[in-house]
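The values are calculated or read from the model by the stated rules, or taken from the named source; none is laboratory data. None of these values were measured; they are calculated from a predicted model. Cβ atoms come from the backbone with ideal geometry, glycine included; neighbour counts cover every protein chain shown. Heavy atoms of the whole protein, side chains included, go into the accessibility calculation; ligands, DNA and RNA do not. Shrake-Rupley method; radii C 1.70, N 1.55, O 1.52, S 1.80 Å.
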Amino acid sequence: MQGRIIKATGAQFVVSAPEGQLVCRARGRFRLEGEYPLAGDFVTAMSDGTGEGYGVISEVAPRRNRLIRPPVANVDRLLIVASLAPPVTPLALVDYLTTLAEYHDIVPVICFNKTDIEDAQSTAAMYHALGYPAMAVSAVTGEGLSDLAEAIDDGLTVLTGYSGVGKTSLLNALIPGFSARTGEISEKIGRGRQTTRHVELLPFGQGYVADTPGYSSFDAVEMEMTEKERLPWCFVEFRDFLGQCKYNDCTHVSDEGCAILQALKDGRISPSRHESYTDLYERLKDVRQWQLKKK
Ligand SMILES: Nc1nc2c(ncn2[C@@H]2O[C@H](COP(=O)(O)OP(=O)(O)OP(=O)(O)O)[C@@H](O)[C@H]2O)c(=O)[nH]1
Ligand SMILES: [Zn+2]
């Protein structure tokens, strides 16, 4: 049958298809060839013939993208949870995550939580102006949650954001029984969720939300953005100006005749976004391919 992996626990996978679910192992060759199936993969699976719901995965369809943290394939949307109340999320992290999403052809949705403590309308508006769904919400009062639910109603969504911004609280507010479910799983596996390879896709609206958030800091920048020359393009509002700089190898940081810097001066690019670009550029510029291979 043709289905999708909605749960991966290391050696076992649950494949969901219109005709039902199968608990599967992967064919041995996946281990050998290093393309091990992931949650979110579209696969071909076969029942073992006993009729007890077990089977084997024989094919994994080509992936549109894959994330390392959490290990999930074919992600449609990155829900970036941020907060302007403590612990305050630096906008550089939000921008890193929007960039990461663009890099992988994933739509970023930015949600500023804890608006019951700190208003975030104007910051959300800045991201909205870039063309991204962006909203101010509160997991406590429920403000903005229906907009959020609507924004992630289909496809596969992965949550990201600093520790303490309220990712779990939002999942609990959106998905009844969320914590109870995940608590049960970590008890069974016997170690914390963070350290397991367990990922489950929870049905939400017409789509799924991954139960394991990822990227709570900058630590994956080098790993995820291996083609660093794509960085400027990943800032959506830079795209109109790319190719117009005086020098072909312009870094858009401080070079003479830079169209991006001119746009910044003209108020067409926001200072905080350009600052984030510079920050990411600095983080990536000294990374060499051999360092990446070692990881
Ligand atoms: N005032 C307020 N507090 C919130 C809100 N959302 C979450 N919190 C609180 O913020 C703290 C952290 O929330 P969590 O949901 O555990 O945050 P998290 O992002 O899942 O954190 P990690 O699991 O460490 O990644 C908890 O004490 C929550 O009660 C909110 O909208 N308003
Ligand atoms: Zn430039």
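A few comments on the model shown:
- Helices in the chain, meaning DSSP H runs of at least 4 residues, each add -39500 (n - 2.57). Divided by all residues, the mean residue ellipticity at 222 nm is -8500 deg cm²/dmol.
- Per residue, in Å², the accessible surface of the chain once ligands and nucleic acids are set aside, probe 1.4 Å: 48
- Per atom type, the stretch 72-210 shows carbon and sulfur on 51% of its accessible surface, probed at 1.4 Å.
- Cα convex hull, the stretch 225-290: 83 Å³ per residue, rounded to a whole number.
- Among HIS252, SER276, TRP233 - extreme Cα towards positive end, dipole of the stretch 225-290, charges at beta-carbon: TRP233
- DSSP bridge orientation in the chain - percent antiparallel, rounded to nearest 5: 55
- The stretch 225-290 - percent of accessible surface contributed by carbon and sulfur, probe 1.4 Å: 47
- Placing +1 on the Cβ of every Lys and Arg and -1 on the Cβ of every Asp and Glu, with nothing else charged, gives the chain a dipole about its Cα centre of roughly 1060 debye.
- The equivalent ellipsoid that matches the C-alpha gyration tensor of the chain spans semi-axes of 36, 24, 16 angstrom, in descending order.
- Distance from the Cα centroid of the stretch 221-274 to that of the stretch 70-129 is 20 Å (rounded to whole angstrom).
- Peptides ranked, highest mean first, by Cβ atoms within 10 Å: ranges 131-144, 7-20, 156-169: 156-169, 131-144, 7-20
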